[in-house]
Every structure is written in structure tokens, then in C-alpha cells.
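Notes follow once the structure below has been shown.
Taken together, the values in this text are just the output of simple stated rules run on the coordinates, not laboratory data. Quick caveat: nothing in here was measured; it's all calculated off a predicted structure. Reconstructed Cβ throughout: ideal geometry from the backbone, glycine too, with neighbour counts over all protein chains shown.
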Amino acid sequence: METINASDFKARCLAILDRVQATGERIVILKRGRPVAELGPSTRAETRYPQSELRGTVTILGDVIAPAVPPEHWESVGE
């Protein structure tokens, strides 16, 4: 990951933004030699819905349609 001083980033900001968008590389911005920010490509620019970022993060462990408790435990059944 490349690092750049804040003063250099300020002077070349638009060119750096274009490079990050084109290459997808991340850049760490330093102030007085210490990291203060990290610049990377936007993940939301290509997604139509915010929920799209969650795709593939859920694991279904059982039947998601069946009731959570058996019908005999329902108050409205059988009376």
C-alpha cells in the first residue's frame, strides 16, 4: 500500500483520486509521518442498493419458512 504526505496529497488530490478509481489501489495519507487517513475505491458507486453489499454474508441454518414453534404451542389453534 502506497503512502503519501498530506501536503503532496493536497497538491495532487484530483490526480490521486483518478488513479485510485482506475486502479483500485489504496493509499495511506500521512501527517507528520503518521497515518491519518486511508483512501480507497468506493464500494457503493457500483451498487444500486445499499443491501447489495451484504450479498453472500448470510448463512441459512434451517427452514426459514416453517414456524419457530410447533402448532400445539399456539394459543389460537385447536380451541
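So for each of 15-22, 54-61, 29-36 I average, over its residues, the number of other beta carbons within 10 Å; can you give me the resulting order with the highest mean first? Could the numbers behind the result be given before it?
On the way: 15-22: 13.0, 54-61: 6.8, 29-36: 10.9.
Ranking the peptides 15-22, 54-61, 29-36 by packing returns 15-22, 29-36, 54-61.
Rounded to the nearest Hz, the phi-derived 3J(HN,Hα) couplings of segment 52-66 under the Karplus curve 6.51 cos²θ - 1.76 cosθ + 1.60 (θ = phi - 60°) are 4, 5, 8, 3, x, 9, 10, 10, 8, 9, x, 6, 8, 9, 5, where x marks glycine and proline. Helix content alone sets the calculated 222 nm mean residue ellipticity of the chain: runs of n ≥ 4 DSSP H residues at -39500 (n - 2.57) each, divided across all residues, give -6000 deg cm²/dmol.
Considering only SER42, ILE60, PRO70, the residue lying farthest towards the positive end of the dipole of the chain is SER42, judged by Cα position with unit charges set on Cβ. Computed on segment 20-69, with alpha-carbon pairs under 8 angstrom and 6+ residues apart, the relative contact order is 24 percent. Put simply, the chain fits an ellipsoid with semi-axes of 52, 14, 10 Å; these come from the alpha carbon gyration tensor as the roots of five times its eigenvalues, largest first.
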